[in-house]
Amino acid sequence: MSSSQIVRVSVERLRSSPAPMVAVLTSDVIRQHIDRIDTGTLADLFALSELNLSGPLGGDLGNWAARAGREVLDLPDTGARVEFLERVARLPADSVPARMRAAIRELKPTVGTTAILAALETAWEATPPTPVVLPAAKARAQTKAPVAAGAPKAPSAPRSTAPRTPRTPASMVDPRRAEWVREDVTVRLSAPEYRERGLKESILVEGIRRRSPYKDLTSQEILAEMRKLERERKLKHTAERWMVR
């Protein structure tokens, strides 16, 4: 399978995002078979499933981990299984979580896999997995304390006569918004079903807005980042459809 067909989510994004954003980042990935998921992303998904997160995200990750474990066992005992194990062996040993190790340990050694399974076991025995700790969601700003009845109101500050400064677009204040859009667009259009024929602009933009953890994300922000990717020759736009180059 070519790398263009492999679905990946930045390891740094998964490990540094709060749970709501992880749900967005993983929503499409966990529907894929393990041989369609980048190995680093696969390891992080197994690690996230060990956190027993509350709500739908925890249930989705738990169900995915159980299914992924079965898919490891079902890998053909030919090139596919060997290729998978070789990709796992290229990961840092501490980034392979306990649940992923357990799934691989269920494999029975064969002529083609005995040596690599033994090498993995040696590396794992010497290096425990590093746990993933998701950052806590930002606390909401405290509401103002109610004013006691009859208390005198504080004098209002005089209005400034200086001209107002135009508001800075949210994407310029928080560059993570632009980064999220660029990654989501690229991952979506790299899927095999869209790689050759692309995706209609209106459908693509609406899908990004629906998946976005930023509820105020606008179509204009999305299109601005897509046009930047087009200028960078990473995307192309033709007949109201977008596709990767």
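The values are calculated or read from the model by the stated rules, or taken from the named source; none is laboratory data. The structure displayed is predicted, hence computed values, not measured ones. FYI the Cβ positions are ideal-geometry reconstructions off the backbone, even for glycines, and counts take in every protein chain you see.
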Determine whether segment 230-244 contains at least one residue that is part of a helix (DSSP H, G or I), among the aliphatic types (A, V, I, L, M) and at negative phi. no
Selected residue (criterion: nearest to LEU51 (Cα to Cα)) from residues of segment 90-102 that are among the hydrophobic types (A, V, I, L, M, F, W, C), under 22 Å from the mean Cα position of the chain (by Cα) and part of a helix (DSSP H, G or I): ALA98
Looking only at segment 41-51, decide whether some residue is in contact with a Ser or Thr (Cβ under 7 Å, 6 or more places away or on another chain), assigned to a helix (DSSP H, G or I) and among the hydrophobic types (A, V, I, L, M, F, W, C). yes
Condition test on PRO97, is it modelled with pLDDT of 85 or more and touching a Pro at 6+ places or on another chain (Cβ under 6 Å)? yes
Is it the case, given these coordinates, that VAL22 is in contact with a helix residue (DSSP H, G or I) (Cβ under 8 Å, 6 or more places away or on another chain), modelled with pLDDT under 90 and outside any helix (DSSP H, G or I)? no
Can you tell me which of ARG81, ARG15, ARG31 is closer than 29 Å to LEU117 by Cα, at pLDDT 90 or above and either surrounded by 20 or more Cβ atoms within 10 Å (Cβ to Cβ) or out of contact with any Phe, Trp or Tyr (no Cβ under 7 Å at 6 or more places or on another chain) (or both)? ARG81
Filter segment 207-229 down to the residues that are in a helix (DSSP H, G or I), at pLDDT 85 or above and surrounded by fewer than 14 Cβ atoms within 10 Å (Cβ to Cβ) and list them by number. SER219, GLN220, ARG227
Residue check, VAL111 surrounded by fewer than 17 Cβ atoms within 10 Å (Cβ to Cβ) and within 23 Å of PRO213 (Cα to Cα): no
